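Engineer: My questions will all concern the structure given below.
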Amino acid sequence: MGKNDKNKKKGKGAEKTAMKTDKKLAAKQKRMLEKLGETDIAEFVAQLEAEEARRKTVTEEVCAPPTPRSNFTFVAYPEKEELILFGGEFYNGQRVCIYNDLFIYNIPKKLWRQVKSPAGPAPRSGHQMVAVATDGGQLWIFGGEHASPSQMQFFHYKDLWVMRMKTRTWEKINAPNAPSARSGHRMVVNKKRIYVFGGFHDNNQTYRYFNDIHIFSMESYDWLKINVSDAIIPAPRSGCCMAVCPDGKVLVWGGYSKAAIKKDADRGVVHTDMFSLVPDKANPNEKFKWIIVKPGGYKPLPRSSVSCTMAPNGKAYCFGGVMDIDEDEEDIKGQFGEDLLALDLTSLTWRLLEITKKENKVEKKDETAVQDIKMETASSSTKTVHTDGVFTVTVGGAPTGSGGNTSFSKVPSLFPNRRPKNVPSPRMNSGLCVCKGTLYVYGGLYEEDNKQYTFNDFYALDLHRLNEWEVIIPNNMDAHEWIESESSNSDESGSGNSTTSDSESDNDEAVDDDEGMDTN
């Protein structure tokens, strides 16, 4: 009894200590925010939602192309030659702009239109959006995040929205058993059901990565209670890829996560494994299990923040991505990809797509563009670790319950950091979708040294011919000014009071004008 009582007291003491630490951190952040003149992020998001509710009419006007951005959503309008872009973010070195504007691109006319509708989703990035043909077309959006001007605060959404394209009106779906608030998750549609997997939640003090699966019925408008056996389960992750096979199985592969290994030190993991979510034969609507998948063909290089889309031809296409590599003892540099991959969702075979120029056409039409490149399989017991003493990146690693891993024996110089003008340059978090047999790439992010380039360039590729990229909007590396932070290494100074005040003023103007909201 005595030992048990002492253990209980120790537990309570540890709990009190943790509570005091949390209170100190919260108090410190509150002082910092007061110094910056920054509103609490939850209050600010509530203000934005109230502004959205004040809009009373639907408008649709021809406009210029969307501004540079990343972490937005980009889908094809079902059964029409139109593409739809929503939200995203832009960072200029000192402040972040978060958007909730919605654009429709008419492919035959090469024309952009902006749609403004009453009471829609608040500005966000890292969300997910899918489009279905039901009732003339519907857009479904879940989750995402909002960053404060100083990037000291993050608000994660757990709301689900539907836009009915016939009327251009939004509806917020309030249903029990919804996934927790998150961003960086992935979402697909399969047989009138929406599947949501993974993501993360980070409030700048603590973080958590997810590996849960949630299913929403577009018929009953309910989040379904499902049972997933945990003998094999993907490790928690965000920024992965997700697709639906012709037989109805749901695939998940790749992604990124991190975990604390000691005080003030994290371990980052770039995942290279693939899993299939399979319904139970006896009860396919409520019970599921994960199965490890080992695809054939070309072996993709490890990367995260890859753009992925499904096409009616039974293939998933992946473009770009980034892999952090240790270039010196102090800095971890990102190697950005520009390769285009196709995954056959029936045979589960990878191919690296080689784009052949028009003047170099191959005589046999069915051999014009695709080269299947096989690579040696690396040892499943090998891990590649890069560390600078504080942040460590591990390529691969065994998923929970899998009994093995899909790591690489060593990481070469992964991607050439080139800037060609007639093809999409290396990038991550771009928009990728397929419409009428054509693949489209829009925007994204590229880093060089300490500078970020955010794009609004636009490309198209005929997937039947694969002979040349069409440049709709050319790449302009000087599309926006990069502002170097004068006190980026100071915990006390943030981005500066004048920058924050200017950004809040800009945001007020954007809200008053009903434009895509500059929330930072």
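Quick note: the coordinates plus some simple rules give every number you see, no bench work behind them. In this text, all values refer to a predicted model and were calculated from it rather than measured experimentally. Every residue, glycine among them, receives a Cβ derived from its backbone with ideal geometry; neighbour counts consider all protein chains shown.
Engineer: Please list, in chain and number order, the residues 5+ apart from Ser430 or on another chain whose amide H is under 5 Å from its amide H, with Hs placed from the backbone.
Structural biologist: So Ser430 has HN proximity to Ser307, Leu445.
Engineer: By the scheme Lys and Arg +1, Asp and Glu -1, what is the net charge of all other residues having a beta-carbon under 13 Å from that of Ile104?
Structural biologist: The answer is +1.
Engineer: For a 27 Å ceiling on Cα separation, which of these pairs sit above it: Lys158/Lys294; Lys80/Lys172; Lys192/Lys289; Lys172/Lys436? All intermediate terms of the calculation are to be shown ahead of the outcome.
Structural biologist: Values: Lys158/Lys294 33 Å; Lys80/Lys172 25 Å; Lys192/Lys289 20 Å; Lys172/Lys436 30 Å.
Over 27 Å apart, Cα to Cα: Lys158/Lys294; Lys172/Lys436.
Engineer: Sticking with this one: Each label point is 7 Å from the Cα along the Cα-to-Cβ direction; what then is the distance between the points at Gln151 and Glu481, in nm?
Structural biologist: 1.9
Engineer: Moving on to the next point. Give me Glu145, Glu470, Glu49 sorted ascending by neighbouring Cβ count inside 10 Å, so fewest comes first.
Structural biologist: Final ranking by Cβ density, sparse to dense: Glu470, Glu49, Glu145.
Engineer: For Pro78, what is the net charge nearby, where nearby means another residue's Cβ is under 13 Å from its Cβ and Lys, Arg count +1, Asp, Glu -1?
Structural biologist: Details: positive: Lys80, Arg164, Lys166, Lys436; negative: Glu79, Glu81, Glu82, Asp135.
Result for the neighbourhood of Pro78: 0.
Engineer: If Lys and Arg each add +1 and Asp and Glu each add -1, what is the summed charge of the other residues whose beta carbon sits under 11 Å from the beta carbon of Asn177?
Structural biologist: 0
Engineer: On to the next question. Separation between the Asn227 and Ala260 pseudo-spin-labels, each 7 Å from Cα along Cα→Cβ, expressed in nm?
Structural biologist: Those two pseudo-labels are separated by 3.5 nm.
Engineer: Ok, one more. Under 5 Å between amide H atoms, partner at least 5 residues away or on a different chain: which partners does Thr169 have, H built in plane at 1.01 Å?
Structural biologist: Arg164
Engineer: May I ask you to list the residues of the stretch 100-134 whose amide nitrogen lies under 12 Å from a point 7 Å from Cα along the Cα→beta-carbon direction of Ala53?
Structural biologist: Residues 119-120 qualify, since their backbone N sits under 12 Å from the label point.
Engineer: Same structure again: What is the spin-label model distance, in nm, from Thr346 to Val293 if the labels are put 7 Å beyond Cα along the C-beta direction?
Structural biologist: Going from the Thr346 label point to the Val293 one covers 1.5 nm.
Engineer: Counting other C-beta atoms within 10 Å, and keeping those with at most 11, which DSSP coil trypsin sites (Lys or Arg not before Pro) do you find in the stretch 105-189?
Structural biologist: Lys109, Lys110, Lys166
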